[in-house]
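In what follows, a structure is listed as structure tokens, so that the remarks can point back to it.
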Amino acid sequence: MIGVAVTMPEPLTAPRVHFRAATWEDLEELNALTNRVAVADDTDELVELEDHAEEWRRADFDPERDVVLAVAEEGSIVGWAEAGVSSSPRDGAIRAYAGGGVAPERRAEGIGTALLAWVSERAAAKAAALHPGVSVVVFGWGREESSDSAQLLRSAGFAPARYFSDMRVEFAGWAGAEAVEPLGEPGSVLIRQPGVEDEEAVRLAHNEAFEDHWGSSHQTAQRWGEMWRKRVFRPELSRIAVDAATGEVLAYVLSEVWVEGEQYVSLVGTRRAARGRRLASVLLGGVLEAGRAAGLSKAELGVDAASPTGANGVYERAGFKLVRTGVTMDLPAR
């Protein structure tokens, strides 16, 4: 628990709502609302109740302090805000997440404005408590600049910082993975599924691989361990490339299943010294073939539209196609 005073948003003059802190008893109804908002906004960010609960159990998260609800007169939840903080500072700043949503039928009433004001302050305060003396950048996420969420963020002073692409492969019409072999001495790289024992080695590879990725931060052992052990992680749909001589993890492609029948490629990375050896293409082809063999209907991923590694081309060659664009929006550093 982060020891920062938590206050409710300022009372609203128009909407027939009141605000209160979330409790565990609210989770089922809130989960239903988040999924309804995801469908309405076409974000595809659907989450099952058990996985939502797992997110609430993270060591650095306290739902009764980090989540505020907007509740209608009849008692139903019509909006929420949720604060989060990146695992570690990057370039002298820590990024703090301001998230949330409002039921489609209750938008344009001022509910989102009040929730965003609250969560921006809460996220900044939480980040400052965890990382004293470090500059804080509060950010939010919009489903394209014309979306309700992006327009709300802009009205509160947030500005576009980076664009991301959501891409998808439909296995029904997929031609299969391209025939690619790793460059280098034959037998010098081993391709296999990750095991429990690979957790730390893959974390170290990830931290190095993402050193030059915009907005990324080093994953602590605790935060990475929570990800590695969560229910949605699928080692059988993941692959790592290991140096046969040293045992070092050179590259990795990790998959999750948040929605039954759908594969989400959550992380793709290659150590800088191993780039240019086609490792990402080999691993990506392997996880897609595994997903299709498991009877899944499609695979999706998100990628920085300006990735410095040329990842977009790798995904397109594997059969991924653009389905939507999103934008990360930042408040000026505090």
Counted residues, region 181-217 - those being within 23 Å of GLY319 (Cα to Cα), surrounded by fewer than 17 Cβ atoms within 10 Å (Cβ to Cβ) and in contact with a helix residue (DSSP H, G or I) (Cβ under 8 Å, 6 or more places away or on another chain) | 3
Count of residues meeting criterion [surrounded by fewer than 19 Cβ atoms within 10 Å (Cβ to Cβ), at pLDDT 90 or above and of a type in the set (Gly, Ala, Ser)] in region 284-318 = 5
Consider only pairs whose beta carbons are under 9 Å apart and that are at least six residues apart or on different chains; among these, list those whose first residue lies in region 17-36 and is in the same structural domain as ILE111 (by TED's automatic domain parsing) and within 18 Å of GLU48 (Cβ to Cβ) and whose second residue is of a type in the set (S, T, N, Q) and surrounded by fewer than 17 Cβ atoms within 10 Å (Cβ to Cβ).
-> GLU29/SER76; LEU33/SER76
Inspect all residues belonging to region 151-161 and state whether any of them is surrounded by 14 or more Cβ atoms within 10 Å (Cβ to Cβ) and closer than 30 Å to LEU279 by Cα.
-> yes
Please indicate, with yes or no, whether at least one residue in region 201-210 is of a type in the set (Phe, Trp, Tyr) and either in contact (Cβ under 8 Å) with a residue 60 or more places away in the chain or closer than 30 Å to ILE111 by Cβ (or both).
-> no
Which of (1) of a type outside the set (D, E, K, R); (2) within 28 Å of GLU25 (Cβ to Cβ); (3) more than 21 Å from the chain's Cα centre (by Cα) does PRO186 not meet, given it meets every other one?
-> (2)
So, of the residues in region 211-230 that are in contact (Cβ under 8 Å) with a residue 60 or more places away in the chain and in contact with a strand residue (DSSP E or B) (Cβ under 9 Å, 6 or more places away or on another chain), which turns out to be nearest to ALA53 (Cα to Cα)?
-> LYS230
Identify all residues within region 39-60 that are among the small types (Gly, Ala, Ser), crowded, with 16+ Cβ neighbours inside 10 Å and modelled with pLDDT under 95; write none if there are none.
-> none
Go through the residues of region 159-173 one by one and say whether even a single one is over 20 Å from ALA305 (Cα atoms), in contact with a helix residue (DSSP H, G or I) (Cβ under 8 Å, 6 or more places away or on another chain), assigned by TED's automatic domain parsing to the domain that holds VAL303 and not aliphatic (A, V, I, L, M).
-> yes
Enumeration of residues in region 135-180 that are of a type in the set (A, V, I, L, M, F, W, C), over 27 Å from SER297 (Cβ atoms) and not in a loop (DSSP other than H, G, I, E, B) | VAL136, VAL137, VAL138, PHE139, ALA150, LEU152, LEU153, ALA159, ALA161
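The values are calculated or read from the model by the stated rules, or taken from the named source; none is laboratory data. Source: prediction; values computed, not measured. Here Cβ is always computed from backbone atoms with ideal geometry, including for glycine, and neighbour counts include all displayed protein chains.
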